[in-house]
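**Student:** Dumping the structure here so I can ask a few things about it.
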Amino acid sequence: MLKVLKSGFYTSIQDKGRFGQRNYGVPVSGVMDSYSSQFANAIIGNSKEAAVIEITMTGPSLQFLKPTIIAISGANIQPQLNNVDVEMNLCISIKANDILSFGRLKTGFRAYLAVKDGFQSPLVLGSRSMYKAITIDNRIQGGDIIEYESYDVNNQSANATIKCINEIIELSTLEVYKGPEFNKLADDKQKQLLEITFKVSKLNSRMAYQLEPIIENNLEQILTAPVLPGTLQLTPSGQLIVLMRDCQTTGGYPRVLQLTEKSINILSQKTTGSNLKIRLKV
Amino acid sequence: MEFKLQYSQLNEYSILIEWPVIIDEKMLKNILNFKNAIHKKYSKQKVEVINTYNSILIIYDFNINDATSEFEMLKSLFLDKTNYSESKPHIWEVPVCYDDEFGVDLEHFSNLKKLSISEIIQLHSEAIYTVYFIGFLPGFLYLGGLNSNLFLDRKTAPKLNVKEGSVAIGGQQTGIYPQDSPGGWHIIGNSPIKLFNSNQNPPCNIKAGDKVKFVPISNTGYKHIQLDIMQSEYQLKSIKIDA
C-alpha cells in the first residue's frame, strides 16, 4: 500500500487510457507523456499497461508501506528517498515505510512514478485512469491509500540497461499532420501556422493546451465531428486549442492540424510561456 | 441512396471517413451500417469506431503501415452490402419533469418564442428523436428531430453549473446533461434517469441509431422515479422496433 502524505499540485493515477469507450462519449484519458511513462515502466520490467502516478509541476510526498522497486522518469522534480537524492531513470529499491518526496521542478512539467506490476487502484471501464465523471476523484488527495503488490527486492536481477533518451523534455518542435479543415484556410494563414513561434498560454490542462498568439481567420464552424488527443482546433475568434488526453470525443471547431503521438508527449512536458514551432510531417 | 465518401489518414493510428456535410437520417443509417461492418471486420483486433453526423473515425491500437491499402480494403467493405447487418433500434421513453422547479428557463423561453409553456412541452414531448451519436460529455446524446418552432440560439454566456439531468434546447438541438457541467442551452426540464453509469459496461444503454421520446411527468412522478432508481428498482422503458 502507498500512503499519500501530500498530494502535490496535480497528481493522478493514469494508464494507457480507456480504449473502446469513446462511443459513449468517454474520453480516452491516460498518461499525458506516453513516452516517459512507458520508460518508467520498462525500467522495472512492467508491461505498457501498468498504471503509474503522473506528477505535475510539484511533487507529492508518498509513503510506501510494503517493499517494492520503483522508477521515476519524465520531468526532473529532484526525487528524494528518505530525504536523500535519488536518480531518475533507474531502478530504486524500496523498503517498508520509505518516504518518497520531491524538490523543485528543474526540467519538463510531468514526471512518472512506476511501481513493480503497477498501482492496483480500481479498474473503471477497463482503465485505472482518473477522470472526473468516471472515477470517484480526478486526482489523488492527501490521506489516500493506493494498492500495489509487495515485491521482494532480492528477486531483482541485473540493473536496468535501457538507455533513456530524455529528448522529449528538450524538444520544442511539434510535428503535425494536416487536419481535415486545413485546406479551408487561406494560404497566408496556412503559412502563418507553420512559420510563427507559439507560446503555451496559461490555459493548459490535461484536457487542452491553448497557444498564443491569436490567428485571425474566417473559417466557419463545422458540423460536430470526431476529435482526438492532438487535434489542433482553430476557433472563429482565432484561439488555437490543442486537445490533450482528457479531451472530449467530438467537437465543432475546425480541425486544422493533428499532432503526432510524439508531439503530444513533447507538449505535455511544456508549461506556461514555453516557445513552440509547428512543422508539417512529410 | 449512394453517398460519396472521403477517406483520409488523421494521424499514425486513425482513419477518418467523411460523408457529405448534412444531417440526414438515411445517411445515418448508411453510416451505422458501415460502422457495424467495420466492427465485424476487426472483431479480433483492438479497434475503436466512432461516428458523428457525417463521419466515422477508426482508431486502431497500432500504427497504420500502409494507409492506401487500408483505404482500399475499407472501400470494398463499404460497397459489399452483404456485410451490413441492420441493428434494430430501440425507442427509449425518457421521463421529463417540466415543472418550473426544474425548467428554470421555461418562462424566458416562452416569452422569447411567444409560445405558452404547455405548447412548448407539447412540441418537445410529441416528437420522436433520433440519436445520431454520443459526444461532448460521457453519455451526452446528440438528438435530431427538434420541432423548428422550438429553435432558439444558445445563451450568449454559458451557465457555469447546469444540473445533471437537465433537459435543454440550444440552437436546433435538444439534449440531456448527463452530469453537472457548464452549458449554454436553455433549460426546460429535468429527467430523473441516469443516462450514464461508469459502473456498468457499456456505461450507457442508449446508442447511436436509437430513438428517444420524452414523456412528461409530474413533480411527484419525478420523486417516485428518483426513489426507484436509488433502490435499483427502475428500468428505463424501451421498445424494439423494426428498422
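**Student:** With an 8 Å cut-off on Cα pairs and a minimum separation of 6 or more residues, tell me the relative contact order of chain A in percent.
**Tutor:** Normalised by residue count, the contact order of chain A is 22 percent.
**Student:** Here's a follow-up. If you count only protein heavy atoms and use a 1.4 Å probe, how large is the accessible surface of A:ASP85, to the nearest 10 Å²?
**Tutor:** 110 Å²
**Student:** How about segment B:82-164: which trypsin sites (Lys or Arg not before Pro) there lie in a loop by DSSP and see at most 10 other Cβ atoms within 10 Å?
**Tutor:** B:LYS114
**Student:** Now, a different point. What are the semi-axes of the equivalent ellipsoid of segment A:2-167, taken as the square roots of 5 times the eigenvalues of the Cα gyration tensor, listed largest first and rounded to whole Å?
**Tutor:** Square roots of five times the eigenvalues give 23, 17, 16 Å.
**Student:** A follow-up question, please. Per residue of B:130-140, what is the mean number of Cβ atoms on other protein chains within 10 angstrom of that residue's Cβ?
**Tutor:** Counting Cβ atoms of other protein chains within 10 Å of each residue's Cβ and averaging gives 6.
**Student:** Would you mind checking segment A:218-252 for residues with the amide N under 20 Å from a putative spin-label position 7 Å along Cα→C-beta of A:ILE196?
**Tutor:** Residues passing the 20 Å test: A:218-221, A:231-243.
**Student:** What pairs in B:LYS35/B:LYS155; A:LYS16/A:LYS184; B:LYS26/B:LYS75; A:LYS277/B:LYS46; B:LYS29/B:LYS211 have C-alpha atoms more than 24 Å from each other?
**Tutor:** With Cα atoms farther than 24 Å apart: B:LYS35/B:LYS155; A:LYS16/A:LYS184; A:LYS277/B:LYS46.
**Student:** Answer rounded, prolate or oblate for segment A:198-259, using the Cα gyration tensor with square roots of eigenvalues a ≥ b ≥ c: rounded when a/c is under 1.5, else prolate when a/b is larger than b/c, else oblate.
**Tutor:** oblate
**Student:** For the charge dipole of segment B:158-243, defined by +1 on Lys and Arg C-beta atoms and -1 on Asp and Glu C-beta atoms about the Cα centroid, which residue among B:ASN199, B:HIS224, B:GLY183 has the Cα displaced farthest towards the positive pole?
**Tutor:** B:GLY183
**Student:** Here is a follow-up. Roughly speaking, to the nearest percent, how much of the protein assembly as shown's 1.4 Å accessible area is carbon and sulfur?
**Tutor:** With neighbouring chains kept in place, the figure for the protein assembly as shown is 49 percent.
**Student:** Among B:VAL94, B:GLY139, B:TYR84, which residue has its Cα furthest toward the positive end of the charge dipole of segment B:78-167, with +1 on Lys/Arg Cβ and -1 on Asp/Glu Cβ?
**Tutor:** Value computed over the given set: B:TYR84.
**Student:** Give me the percent relative contact order of chain B, please, defined on Cα pairs under 8 angstrom at least 6 residues apart.
**Tutor:** Result for chain B is 21 percent.
**Student:** Comparing the chain by itself with all protein chains present, which residues of segment A:205-235 are at least 40 Å² less accessible (probe 1.4 Å)?
**Tutor:** Residues meeting the cut-off: A:LEU223, A:THR224, A:PRO226, A:LEU228.
**Student:** Let me cross-check B:ASP61: its accessible surface, 1.4 Å probe, with only protein heavy atoms counted, in Å² to the nearest 10?
**Tutor:** 60 Å²
**Student:** Can I ask one more? State the antiparallel share, in %, of DSSP beta bridges confined to the protein assembly as shown, rounding to the nearest 5.
**Tutor:** So the antiparallel bridges amount to about 90 percent of the total.
**Student:** Here is a further query. Can you compute the radius of gyration and Dmax for segment B:50-180, using only the Cα atoms, both in Å?
**Tutor:** Just the Cα atoms of segment B:50-180 yield Rg and Dmax of 19.6, 59 Å.
**Student:** Something else: Hey, can you find the accessible area per residue of segment B:1-116 for me, probe 1.4 Å, expressed in square angstrom?
**Tutor:** 51 Å²
**Student:** For the interface of A with B, what's the total buried accessible surface in square angstrom, probe 1.4 angstrom, rounded to the nearest hundred?
**Tutor:** Looking at A and B, the buried total is near 3000 Å².
**Student:** Let me ask something else about it. Roll a 1.4 Å probe over the protein heavy atoms and report the accessible area of A:THR58 in Å², nearest 10.
**Tutor:** 60 Å²
**Student:** Within segment B:151-195, which residues have the backbone N less than 18 Å from the label spot 7 Å out from B:LYS114 along Cα→beta-carbon, could you tell me?
**Tutor:** The answer is B:151-153.
**Student:** Compute the signed sum of charges (Lys and Arg +1, Asp and Glu -1) over the other residues within less than 11 Å, Cβ to Cβ, of A:VAL256.
**Tutor:** Surrounding charge for A:VAL256 is +3.
**Student:** So what's chain B giving for Cα Rg divided by 2.2 N^0.38 Å, two decimals?
**Tutor:** 1.11
**Student:** How shielded is B:45-57 by partner chains, expressed as the average number of their Cβ atoms within 10 Å of its Cβ atoms?
**Tutor:** So the per-residue partner count for this stretch is 5.
**Student:** Using the Cα centre of segment A:171-280 as the reference point, and only Cβ charges (+1 on K/R, -1 on D/E), how large is the resulting charge dipole? Debye, rounded to the nearest 20.
**Tutor:** With Lys and Arg at +1 and Asp and Glu at -1, about 320 debye.
**Student:** Tell me the label-point distance for the pair B:LYS46, B:HIS224, using the 7 Å Cα-to-Cβ offset, in nm and rounded to one decimal.
**Tutor:** Label-label distance for B:LYS46 and B:HIS224, simple model: 4.7 nm.
**Student:** If you rank B:TYR234, B:TYR142 by how much accessible surface each has, with a 1.4 Å probe, what is the order from largest down?
**Tutor:** My answer, sorted largest first, is B:TYR234, B:TYR142.
**Student:** Taking the C-alpha atoms of the protein assembly as shown, how large are the radius of gyration and the largest Cα-Cα span, Dmax, in Å?
**Tutor:** Final numbers for Rg and Dmax: 24.6, 78 Å.
**Student:** Between A:ASN83 and B:TYR13, what is the label-to-label distance in nm when each label sits 7 Å out along the Cα-to-Cβ direction?
**Tutor:** 4.4 nm
**Student:** Taking +1 at the Cβ of each Lys and Arg and -1 at the Cβ of each Asp and Glu, which of A:SER205, A:LEU280, A:ASN217 sits farthest along the dipole of chain A towards its positive end, judged by Cα position relative to the Cα centre?
**Tutor:** A:ASN217
**Student:** Moving to a separate point now. Quick check for me: using +1 on Lys/Arg Cβ and -1 on Asp/Glu Cβ, what's the dipole size of chain A about its Cα centre, in debye to the nearest 20?
**Tutor:** I would put it at about 220 debye.
The values are calculated or read from the model by the stated rules, or taken from the named source; none is laboratory data. Everything quoted here is computed from the prediction, not taken from an experiment. Quick reminder, even Gly has a Cβ in these numbers, built from the backbone with ideal geometry, and neighbours come from all protein chains shown. Keep in mind that these areas ignore ligands, DNA and RNA; they rest on the heavy atoms of the full protein, side chains included. Shrake-Rupley method; radii C 1.70, N 1.55, O 1.52, S 1.80 Å.
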